[in-house]
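Accompanying notes for the structure given below.
The values are calculated or read from the model by the stated rules, or taken from the named source; none is laboratory data. Remember, it's a predicted structure, so these values are computed and weren't measured experimentally. Virtual Cβ from ideal backbone geometry, glycine too; neighbours counted across all protein chains shown.
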Amino acid sequence: MTSVESTGYRPVRVPITYSVVICAYTMKRWPSLCRAVESIRHQDAPVHEILVVIDHCEELERTAARHFESDPRVRVLTNRYERGLSGARNTGIEAAGGSVVAFLDDDACADPSWYRVSAAHFADPNVLGVGGHARPSWPHTRPSWFPAEFDWVVGCSYVGQPDTVAPVRNFLGCSMAFRREALEASDGFALGIGRVGTLPTGCEETELCIRIAQHRSDAVLLLDPGMRVTHAVSPERTTFRYFLSRCYHEGTSKAVISGTVGPRDALSSERSYTLHTLPRAVLRGLLSPRDGGVTRAAAVCAGLAVTAVGYVRGCLTLAKVTK
């Protein structure tokens, strides 16, 4: 058993209360932000507070402050750090008063039971975080060439993830919750990693989850598919060009976190995904040529190749910087 002294983590037995952090950066997604906040307002069990963190957009901050001023549970905050999702999330963590800090994307809507389903797991003191299932809401119909194994490209759950409650390495960033003490002990999200505006980088939540698990050996991070959200997919993210760009930046981001937490943990889930999930996807596509299966198989191969190129490029760049 790991001692408190060896981990530096001391669990605090308090009632489970949720501070929900929703980060936003552009007026273009104002209607989506309002829907996200409303989905938390209408949970079947009330959350402690909703923290709307504005990432360096004065117009959005003024609009949100006026719109939500009548609800005492909603606070509008300014990102205290450099522009980017990691800094905005850290701002929310620092302001949070709940025993659990949950994160919902500004273009996602939580099911009414989202809070209640996830909060039940925190009765176990070893559970430091809970992530959920994100289903895509396509602007029209799902592109026939888009493989379900790559739904992570649009921030949604994908084939290859557990479909029952199970421990996982990391969560999808659009829907996750952590004990506040675990976030504080891990110093929150790493600045300099993750999405900034529309740049399709990522992995800030992966890096955080790995550090939380490394900090405490008996930590449990659970995926519960019953913690459900609907995640909007914008039209520009349905293009093959965006698909390749996102895959490339996923590779470069994985290289960055390999340098911070070590390649063994940074790539542990990717090994099984690459060796088992993706070959099955290619085979399944080739056996279903009439419904676009061949193009999906080709997209799987292209996505894997471009991600690998991004990873190698990222590793070479880091090697030059550290010389």
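On the basis of being at pLDDT 95 or above, in contact with a Pro (Cβ under 7 Å, 6 or more places away or on another chain) and either under 16 Å from ARG179 (Cβ atoms) or outside any helix (DSSP H, G or I) (or both), does HIS133 make the cut?
Here the answer is yes, as HIS133 does meet what is asked.
Does ARG83 meet the test of being surrounded by fewer than 21 Cβ atoms within 10 Å (Cβ to Cβ), modelled with pLDDT under 95 and farther than 30 Å from PRO167 by Cβ?
yes
Which condition number in (1) among the aliphatic types (A, V, I, L, M); (2) farther than 21 Å from PHE189 by Cα; (3) in contact with a strand residue (DSSP E or B) (Cβ under 7 Å, 6 or more places away or on another chain) is the one that LEU128 fails?
It fails just one condition, (2).
Taking the range 211-236 on its own, how many of its residues are among the basic types (Lys, Arg) and farther than 14 Å from TYR115 by Cα?
Selection size over the range 211-236: 2.
Identify, please: which residue in the range 183-228 is of a type in the set (Val, Ile, Thr), within 25 Å of TYR242 (Cβ to Cβ) and out of contact with any Lys or Arg (no Cβ under 7 Å at 6 or more places or on another chain) and is, among those, modelled with the highest pLDDT?
Out of the qualifying residues, it is THR206.
For the range 147-180, which residues satisfy the criterion of being in a loop (DSSP other than H, G, I, E, B), in contact with a helix residue (DSSP H, G or I) (Cβ under 7 Å, 6 or more places away or on another chain) and either small (Gly, Ala, Ser) or more than 19 Å from ASP224 (Cα to Cα) (or both)?
Passing the criteria: PRO147, SER157, GLY160, GLY173.
If you scan the range 50-98, which residues turn out to be in contact with a strand residue (DSSP E or B) (Cβ under 7 Å, 6 or more places away or on another chain), among the hydroxyl-bearing types (Ser, Thr, Tyr) and either outside any helix (DSSP H, G or I) or without any contact (Cβ under 8 Å) to a residue 12 or more places away in the chain (or both)? Before you say what the answer is, go through the steps one by one.
Quick first cut of the range 50-98, residues in contact with a strand residue (DSSP E or B) (Cβ under 7 Å, 6 or more places away or on another chain) only: 50-55, 60-61, 64-65, 68, 73-79, 83-85, 88-89, 91-93, 95-98.
Cutting the leftovers down to among the hydroxyl-bearing types (Ser, Thr, Tyr) gives us 78, 91.
Listed by number, the list holds a single entry, THR78.
Can you tell me which residue in the range 276-304 is nearest to the chain's Cα centre (by Cα), limited to those that are surrounded by fewer than 13 Cβ atoms within 10 Å (Cβ to Cβ) and within 30 Å of VAL256 (Cα to Cα)?
The qualifying residue nearest to the chain's Cα centre (by Cα) is HIS276.
Answer yes or no: is there a residue in the range 177-189 that is within 18 Å of HIS249 (Cβ to Cβ) and touching a residue at least 12 places away in the same chain (Cβ under 8 Å).
Among the residues of the range 177-189, at least one is within 18 Å of HIS249 (Cβ to Cβ) and touching a residue at least 12 places away in the same chain (Cβ under 8 Å), which makes the answer yes.
Considering every residue within the range 229-251, establish whether at least one is hydrophobic (A, V, I, L, M, F, W, C), assigned to a loop (DSSP other than H, G, I, E, B), under 18 Å from GLY160 (Cβ atoms) and over 15 Å from the mean Cα position of the chain (by Cα).
No.
Can you name the residue in the range 273-296 that is small (Gly, Ala, Ser) and free of Cβ contacts under 8 Å to residues at least 40 places away in the same chain and, of all such residues, is nearest to SER253 (Cα to Cα)?
Among them, the one singled out is GLY293.
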